[in-house]
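Undergrad: This is the structure I have questions about; it appears just below.
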Amino acid sequence: MRTTYDLFAETNPAFVSFLLYRFVKSYSGDSDEAPHISLAYLVVPLAVSQRLEASFSSTNSATGFLSWLNRFPEVRIGLQQDIEVARNTTDQGIRAALFSQLLELGNNGTMQLGGAKKPPENTKSKLSDMPKQAVSRAERLGTWMSGIGGPATIFSALEVRP
């Protein structure tokens, strides 16, 4: 039986809200596109899981989401269970991000950067190694996911349901 401890290693609501903030910021990039809130339920377990570190460490932001999945199809194994286990943690992180106005909900269920004062750019560099890697993975997922279409395409490629 696989343990899910790695999903909760660094998942307090404040950390998850920061992780989601960096995901949204990376996803939005220089465009006006914003990620759908449903993607948060993928990003948290994918970014926080140490099980997937090897698949991320051999990629960069130019690799692309579908290329990553083709190179590492094992990413899909157990992902539906990881999503379900991380659901409460993701909910709490979303609530913290919305309550603090770090993020806000936009049209059609999108997550956008909120009106609150933004965390300093060097915040990530002040984190210890494991949380810093999780934030980097969330940023990479934001960049990758922004280029492949809507949530239905992403969920289908991962072979999971929302």
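Rule-based calculations on the coordinates, nothing more; no lab input. Small disclaimer: the values here were computed from a predicted structure and weren't measured. Cβ coordinates were reconstructed from backbone atoms using ideal geometry, including for glycine residues, and neighbour counts include every protein chain displayed.
Undergrad: Select from S136, P119, I148 the residue farthest towards the positive end of the dipole of the stretch 116-162; place +1 on Cβ of Lys and Arg, -1 on Cβ of Asp and Glu, and compute about the Cα centre.
TA: Farthest towards the positive pole: P119.
Undergrad: Next up: Roughly how many nanometres apart are two label points built 7 Å out from the Cα toward the Cβ at N60 and N122?
TA: Label at N60, label at N122, 2.5 nm between them.
Undergrad: Please compute the alpha carbon radius of gyration of the chain, then divide it by the globular-protein estimate 2.2 N^0.38 Å. Two decimals is fine. Present the calculation step by step, with values, prior to reporting the outcome.
TA: Details: Rg = 14.4 Å, N = 162, 2.2 N^0.38 = 15.2 Å.
This ratio for the chain stands at 0.95.
Undergrad: Moving on to the next point. How large is the dipole of the chain about the Cα centre if only Lys and Arg carry +1 and Asp and Glu carry -1, each at its Cβ, rounded to the nearest 20 debye? Kindly include the intermediate steps, with their values, before the conclusion.
TA: Working: 16 positive and 15 negative charges, 42 e Å.
The calculated dipole for the chain is roughly 200 debye.
Undergrad: A further question on this structure: Residue farthest toward the positive end of the dipole of the chain, with Cβ of Lys/Arg at +1 and Asp/Glu at -1: which of F15, S26, S67?
TA: Looking along the dipole axis, the top candidate is F15.
Undergrad: OK, next. Within 11 Å, Cβ to Cβ, of R76, how many net charges do the neighbouring residues add up to if Lys/Arg are +1 and Asp/Glu are -1? Mind dumping the intermediate values first?
TA: Working: positive: none; negative: E74, D82, E159.
Summing Lys and Arg as +1 and Asp and Glu as -1 gives -3.
Undergrad: Then there is this: Helix by helix, which DSSP H runs in the chain go 18 Å or more along their axis at the Cα atoms and have an average Kyte-Doolittle hydropathy of 0.0 or more? Intermediate values should be presented prior to the final figure.
TA: Working: long enough: 13-28 (22 Å, 0.70); 79-99 (28 Å, -0.30); 129-146 (26 Å, -0.73).
Result, helices passing both filters: 13-28.
Undergrad: OK, next. Give the dimensionless ratio obtained when the Cα radius of gyration of the stretch 101-162 is divided by 2.2 N^0.38 Å. Walk me through the intermediate numbers first.
TA: Numbers: Rg = 14.3 Å, N = 62, 2.2 N^0.38 = 10.6 Å.
In units of the 2.2 N^0.38 Å rule of thumb, it is 1.36.
Undergrad: Another question, if that's okay. To the nearest µm²/s, what D does Stokes-Einstein give for the stretch 47-128 at 20 °C and 1.002 mPa s, using the Kirkwood radius over alpha carbon pairs as Rh?
TA: Numbers: Rh = 15.5 Å.
Calculated translational D: 139 µm²/s.
Undergrad: Rounded to the nearest 20 debye, what is the charge dipole size of the stretch 78-122 about its Cα centre when +1 sits on each Lys and Arg Cβ and -1 on each Asp and Glu Cβ? Show your work: numbers first, answer last.
TA: Working: 4 positive and 5 negative charges, 39 e Å.
Here the stretch 78-122 has a charge dipole of around 180 debye.
Undergrad: Grab the DSSP H runs of the chain that are 4 residues or longer, score each as -39,500 (n - 2.57), total them, divide by all residues and round the 222 nm result to the nearest 500 deg cm²/dmol.
TA: Numbers: 7 runs with 84 residues, N = 162.
Mean residue ellipticity at 222 nm (helix-derived): -16000 deg cm²/dmol.
Undergrad: Arrange the peptides 53-59, 41-47, 92-98 so that the one whose residues have, on average, the most other Cβ atoms within 10 Å appears first. Write out the running numbers ahead of the final one.
TA: Details: 53-59: 14.6, 41-47: 25.0, 92-98: 19.7.
By packing density, highest mean first, the sequence is 41-47, 92-98, 53-59.
Undergrad: Count charges around G142 for me, please; just the other residues with Cβ under 9 Å from its Cβ, Lys/Arg as +1, Asp/Glu as -1.
TA: +2
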